[in-house]
Amino acid sequence: MIKGKYVATIELNFNVDESTDGLLPFETLKAKVTCGELDKAIVAVISDEFGGLCSVGLNKQYADLYLVDGGNDND
């Protein structure tokens, strides 16, 4: 039996122009990021790749999405 554990922090830094064609409204995007839909999507992607070999879990520590006016693209 081969056993193991892999623990990682995934950091996604969003930087999208609000005028991008096809972009969902901000409040919808914020809900997807903060209310668990993004968590489910991340687990689904990892499960598709490794689900036959391991169980996949995610423990969200923090999530937010906010609007800024102008500023540095690296903020």
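In this structure the chain gives 93 Å² per residue of accessible area when probed at 1.4 Å with all protein chains present. The helix-based estimate of mean residue ellipticity at 222 nm for the chain, built from -39,500 (n - 2.57) per DSSP H run of four or more residues and divided by its residue count, is -9500 deg cm²/dmol to the nearest 500. Angle of helix 37-50 to the longest C-alpha principal axis of the chain, folded into 0 to 90 degrees and rounded to 10: 40°.
For the chain, the share of accessible area belonging to carbon and sulfur comes to 52 percent (1.4 Å probe, ligands and nucleic acids excluded).
In terms of the mean number of neighbouring beta-carbon atoms within 10 Å, the peptides 42-50, 59-67 order highest first as 42-50, 59-67.
Given the convex hull of the Cα atoms of segment 1-74, what is a quarter of its surface area in nm²?
On the way: hull surface 26.5 nm².
For the Cα atoms of segment 1-74, the hull's average projected area reads 6.6 nm².
The values are calculated or read from the model by the stated rules, or taken from the named source; none is laboratory data. Keep in mind that this is a model prediction, so the values were computed, not measured. Every residue, glycine as well, gets a Cβ built from its backbone with ideal geometry; the counts of neighbours run over all protein chains shown. Note: areas computed on protein heavy atoms with side chains; ligands, DNA, RNA excluded. Shrake-Rupley method; radii C 1.70, N 1.55, O 1.52, S 1.80 Å.
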